[in-house]
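Colleague: Can you read through this structure? Questions will come right after.
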Amino acid sequence: MLIWHQTIKGLIVVTGMGNQTLLALPMTAFFASRQCPGTAIRAAMDWALQQARAKTVVVSGFHSPLEQSVLKVLMEARSPVVAMLARPVAGAKLPPEWAEPLTQGSMTVVSAATVALRLTGEVATARNISAAQLAGDIVVAHASPGGTLDGVCGQWQVQGRQVHELQRI
């Protein structure tokens with residue numbers, strides 16, 4: 001599949017593959033900590049179904065278990081998704097279940113990373129920040145208190161970004 005480069009919103013340069021036109025549409029970023037309470041899981045799955053029905057473009061790293069579950073719901077509904085990788089797109093081993101949405105045009109895979117690094121908390125945080133930069137809205141199912149995602153949410157709020165917490169919507 002062809003790999004392309006694009007500057008988005010004059011802020012972030014990404015490489016990518018898949019349906020490049022999804023990047024021009026309004027996007028909602030979705031994040032969840034690795035461990036989430038049941039109430040957050042239920043709220044996230046309900047939210048995912050709503051986004052799938054509305055065909056909202058959802059951008060995320062889709063790395064945590066809950067993010068992966070949300071991605072599965074969105075892909076099954078053929079809803080548009082943008083997966084932000086923590087490593088460069090070129091040479092990345094993508095999950096086989098991504099092949100069909102990529103060829104059908106309902107998925108785009110992008111990365112702001114220029115070198116492949118081992119996935120650490122810092123690398124994951126950089127990926128999440130990049131994903132949030134692409135989005136107009138930020139939705140968080142659960143951010144573990146004192147965790148990395150919780151800290152990043154605080155930074156986004158200081159920057160004037162509104163972070164919607166699913167359990168409070």
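Colleague: With the requirement that a residue be free of Cβ contacts under 8 Å to residues at least 60 places away in the same chain and closer than 25 Å to D150 by Cα, what does the range 86-112 give you?
Modeller: A86, R87
Colleague: From the list S79, S60, S69, which one is of a type outside the set (A, V, I, L, M), crowded, with 16+ Cβ neighbours inside 10 Å, at pLDDT 95 or above and under 13 Å from A131 (Cβ atoms)?
Modeller: Answer to the selection: S60.
Colleague: Related question: Checking Q68 against (1) under 29 Å from T120 (Cβ atoms); (2) in contact (Cβ under 8 Å) with a residue 24 or more places away in the chain; (3) in a helix (DSSP H, G or I), only one condition comes out false. Which one?
Modeller: The one condition Q68 does not meet is (2).
Colleague: Same structure again: Determine which single condition R34 fails, assuming it passes every other condition in (1) part of a loop (DSSP other than H, G, I, E, B); (2) touching a Leu at 6+ places or on another chain (Cβ under 6 Å); (3) surrounded by fewer than 24 Cβ atoms within 10 Å (Cβ to Cβ).
Modeller: Just one mismatch for R34, condition (2).
Colleague: Also, I was wondering about something else. Being out of contact with any Cys (no Cβ under 7 Å at 6 or more places or on another chain), aliphatic (A, V, I, L, M) and either touching a residue at least 60 places away in the same chain (Cβ under 8 Å) or on the phi > 0 side of the Ramachandran plot (or both) narrows it down to one residue among V123, V115, V158, V139; which is it?
Modeller: V139
Colleague: If you don't mind, there's one more thing I want to ask. Restricting the search to the range 82-104, which residues are assigned to a helix (DSSP H, G or I) and either modelled with pLDDT under 95 or among the polar types (S, T, N, Q) (or both)?
Modeller: T103, Q104 - these are the residues of the range 82-104 that are assigned to a helix (DSSP H, G or I) and either modelled with pLDDT under 95 or among the polar types (S, T, N, Q) (or both).
Colleague: How many of the residues making up the range 105-127 are modelled with pLDDT of 95 or more and either in a helix (DSSP H, G or I) or surrounded by fewer than 21 Cβ atoms within 10 Å (Cβ to Cβ) (or both)?
Modeller: Number satisfying all stated conditions: 2.
Colleague: Mind telling me which of the residues A48, A83 ends up being small (G, A, S) and within 20 Å of G18 (Cα to Cα)?
Modeller: Only one candidate passes the filter, namely A83.
Colleague: Under the condition of being of a type in the set (V, I, T) and farther than 14 Å from V140 by Cα, which residue from the range 9-31 is surrounded by the fewest Cβ atoms within 10 Å (Cβ to Cβ)?
Modeller: For the range 9-31, the residue satisfying everything is T21.
Colleague: Check Q50 against each of (1) touching a residue at least 24 places away in the same chain (Cβ under 8 Å); (2) over 22 Å from I8 (Cβ atoms) and name the one condition it does not meet.
Modeller: Unmet for Q50, out of (1) touching a residue at least 24 places away in the same chain (Cβ under 8 Å); (2) over 22 Å from I8 (Cβ atoms): (1).
Colleague: Same structure, new question: Please go through the range 44-57 and pick out each residue that is surrounded by fewer than 20 Cβ atoms within 10 Å (Cβ to Cβ) and among the hydrophobic types (A, V, I, L, M, F, W, C).
Modeller: Within the range 44-57, M45, L49, A54 meet the criteria.
The values are calculated or read from the model by the stated rules, or taken from the named source; none is laboratory data. These figures come from a predicted structure and were not determined experimentally. So basically every Cβ, Gly included, is an ideal-geometry build from the backbone, and we count neighbours across all protein chains shown.
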